[in-house]
Amino acid sequence: MNVASDIEATFKLLLIGDSGTGKSSLLLRFTDDAWLQPDEVAATIGVDFKVKTMEINEKKYKLTIWDTAGQERFRTLTSSYYRGAQGVIMVYDVTQRESFDHLTTWFNELDTYSSNPSWKEGEAFAKRMGTLFIEASAKTRAGVKEAFLEVVRKIIETPDLYQKPAGNRAPTNVVNLDAQNENAEGGGCC
């Protein structure tokens, strides 16, 4: 029996919040059922993570749980960890009012870095701009051919984009580099 094939899905979870609110302690308790005294816990530097398997409704799920540093100086590090996360636990310390008040800031950061634009948002943007909207993925090939096909169709529907001006003359603002100066005499550069 292959353990990896027993896993229904893998989820990336994040613990976010101010430094010293207990994110690492929650992670340690959940994954290892262990507790460290406050003087035994050091502030997380950068990011730490643990893996745990959970069974829900007779199906196994693998959790990769990321413990992000809450200190301001590590905020730029944490932005890359939001990508791809399916769940976030915002942590505050009930004995530190300020950590609760900062949850709005954490939520705004989460919203900034983790949310991918929805199909509806993309479609609405294209509509506002008066452009086509085709969602495509180079990774899965979905929509790639269609994207190029639709652009070419729109160009064909707009002859001014590709037809030469009347009389088959080049527009006056174009310099023809292939044209030979018939009056020019052969000569050097100096």
### Task
Determine which single condition L110 fails, assuming it passes every other condition in (1) aliphatic (A, V, I, L, M); (2) loosely packed, with under 12 Cβ neighbours inside 10 Å; (3) under 30 Å from D67 (Cα atoms).
(2)
### Query
Within the stretch 23-64, how many residues turn out to be assigned to a strand (DSSP E or B) and modelled with pLDDT under 90?
4
### Task
Go through the residues of the stretch 95-107 one by one and say whether even a single one is within 20 Å of the chain's Cα centre (by Cα), loosely packed, with under 13 Cβ neighbours inside 10 Å and modelled with pLDDT of 80 or more.
yes
### Query
Within the stretch 135-166, how many residues are under 20 Å from W119 (Cα atoms) and either acidic (D, E) or out of contact with any Leu (no Cβ under 9 Å at 6 or more places or on another chain) (or both)?
15
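The values are calculated or read from the model by the stated rules, or taken from the named source; none is laboratory data. If you're wondering where the values come from, they're calculated on a predicted model, not measured in any experiment. Cβ sites come from the backbone with ideal geometry, for glycine too, and all protein chains shown count toward neighbours.
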